[in-house]
1. Going by average Cβ neighbours within 10 Å, how do the peptides 167-178, 19-30, 207-218 rank, with the highest at the top?
2. Where in the chain are the DSSP H helices whose alpha-carbon span along the long axis reaches 30 Å or more and whose Kyte-Doolittle mean is at least 1.0?
3. Could you order peptides 247-255, 52-60 by the average number of other Cβ atoms within 10 Å of their residues, highest first?
4. Hey, of (1) 71, 49, 40; (2) 72, 45, 40; (3) 55, 43, 35, which did the structure itself give for Cα extents along the principal axes in Å when calculated?
5. Test of understanding: extend the Cα→C-beta vector of Phe49 to 7 Å, then name every residue of region 199-235 with backbone N under 18 Å from that spot.
6. State to the nearest 20 debye the size of the charge dipole of the chain about its Cα centre, where the only charges are +1 on K and R beta carbons and -1 on D and E beta carbons.
Amino acid sequence: MPLADVAQALAIVLAWGVNFVVIKWGVAGVPPLLLGALRFMLVALPAVFIVKRPALPWRYLALYGLTVGVGQFGCLFTAIKLGMPAGLASVVLQSQAFFTLLLARAFLGERWQASQLAGVALALGGLALIGMGKGGDMSALGFGLTIAAATSWAASNIVVRAIGLAGCKVEPLGLVVWSSLVPPLPFLLLSWRLEGGGAMLAALRGLDVQSLFAVAYLAFIASMFGYGLWSRLLARHAAAKVAPFSLLVPVVGLLASHWLLGESLTPAQLAGSGLLMAGLLAAVFGGRLLAMASGRASRA
């Protein structure tokens, strides 16, 4: 991969890692479900007039918008509002890779490799350590909602795979932009019902610089810049070369939350995070390493 493309991949990692800190800033002044509505409004408009609509049935756009939009970010924003540390959220959210394996097995009949099973076992141990860890600011509800966010992200991955199995071409930027038309209305209805109309109006009237920055960052930097550049890299290089960069996102998330928010992990949370990331590495690279070892053994 050319050095310029490596630099672009690292810029995306930085944008997505800092994203968790920005969410913390955002929910400090705006109710989380309302923040989700504002984010996706800005992603969709005016981008739908610029980005070509992907050649997909509306049901796929709706399913993707509901899972990755309302499900993932609704749960994540609320989790961070309710006490989930931003840095730890960036780690726990990576469990989506393992929930994707479970859902792919259940709904698509996909088989697991030995390395993926090992990765799932390590990740479950890591999540258990994080969940049982005492100390810090993490709440049980915040942790549970982050797991729900990871599961929703996994469900959106299954939607994308179903699109591919249906013979449709997946255009990442077009999918992100056009599916963003779906979440605002459910978010607004949920915010009105759960957060209250008074809180919504008060937040909109009292938008300060920090809140406006958070909404703009989430929409334009994390979504448009991040996914736009990511889709460009995937178009130029094999997915196996691009995807591993995403493993750096929780590293940036932990560092950014420590430097900008003063967060720190308890020993149990640190150990659990290490186990979860080890499981992710095993799931992503284990099969390739086993194949390489097997090839060397056969040539010896």
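Laboratory data are not the source of any read-out in this text; all were calculated from the coordinates shown. These numbers were taken from a predicted model, which means no experiment stands behind them. With ideal geometry, Cβ positions are generated from the backbone for all residues, glycine too; neighbour counts draw on all protein chains shown.
1. Numbers: 167-178: 18.5, 19-30: 23.1, 207-218: 16.7.
Averaged packing, sorted descending, gives the order 19-30, 167-178, 207-218.
2. Numbers: long enough: 3-29 (39 Å, 1.55); 140-165 (38 Å, 1.37); 267-299 (44 Å, 0.86).
Going by DSSP H runs, the hits are 3-29, 140-165.
3. In decreasing order of mean packing, 247-255, 52-60 become 247-255, 52-60.
4. (1)
5. Correct set: 220.
6. Dipole of the chain, to the nearest 20 debye: 760 debye.
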